[in-house]
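Working notes, beginning with the structure itself.
The values are calculated or read from the model by the stated rules, or taken from the named source; none is laboratory data. Computed from a prediction, not measured in an experiment: that's the story for all the values here. As a convention, Cβ positions derive from the backbone with ideal geometry for all residues, glycine included, and neighbour counts pool all protein chains shown.
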Amino acid sequence: MVNDELQHIGFLISRVSLGHRNIVDRQLRKLGIHRGQPPVLFALQRHDGMSNSEMAELLNVTPATLTNKIKLMEKARLVIRKRDSEDKRYSRIYLTDKGRGIMEQLRASVTEIEDHLLLGFSEAELSKLLEFIQRMIDNIDRYHSEVGRFDKRYPSQED
């Protein structure tokens, strides 16, 4: 293991995460959206008309957290909630024309950010990096299950 505290894996991952977050925030501001909104937009692009609970499960956030995001996105006219046609107790979430309209720009921004972040990596290195990151995620999940607090909702997804 590394003795220099500034080279510990946790510190380095935090630096990558913070740097990525700052770049993402800057790009999203240009589009007029906030950090927690792209996962909702991408989910709706694939499954327009999901219920709050369906989307919360898909995005691995609490329904309350998602409700707050949806309220802000409704104010920004990115999404709209409509009562379920078969069961009026439920509402479904849909992309608006404005929400659909920014998807191409959002996808281009995500691609640009990833391209910049992964500059200089070969395909083989990228494949290994993804494998290592997934293994770390699996280890985190295993840790949580072993200590009896299994919860996949990591703080960065709740923002």
Checklist entry - Can we say residue 21 is surrounded by 12 or more Cβ atoms within 10 Å (Cβ to Cβ) and among the basic types (Lys, Arg)? => result yes
Next on the checklist: Out of the helices (runs of 4 or more DSSP H) lying entirely within the range 1-113, which hold 3 or more residues that are closer than 29 Å to residue 133 by Cα and touching a residue at least 60 places away in the same chain (Cβ under 8 Å)?
Outcome noted: 9-31, 37-46
Item to check | Scan of the range 78-92 for residues that are farther than 25 Å from residue 39 by Cβ and charged (D, E, K, R), ordered by number | outcome: 86, 87, 88, 89
Checklist entry - Among the residues of the range 114-128, which ones are in a helix (DSSP H, G or I) and under 19 Å from the mean Cα position of the chain (by Cα)? => result 114, 115, 116, 117
Checklist entry - Is it the case that the range 8-16 has a residue that's farther than 25 Å from residue 139 by Cβ, among the small types (Gly, Ala, Ser) and out of contact with any strand residue (DSSP E or B) (no Cβ under 7 Å at 6 or more places or on another chain)? => result no
Item to check | Search result, residues across the range 55-88 that are among the acidic types (Asp, Glu) and at pLDDT 95 or above | outcome: 74
Next on the checklist: Going through 65, 111, 96 one at a time, which residue ends up being buried (at least 16 other Cβ atoms within 10 Å of the Cβ), in the same structural domain as residue 27 (by TED's automatic domain parsing) and of a type outside the set (D, E, K, R)?
Outcome noted: 65
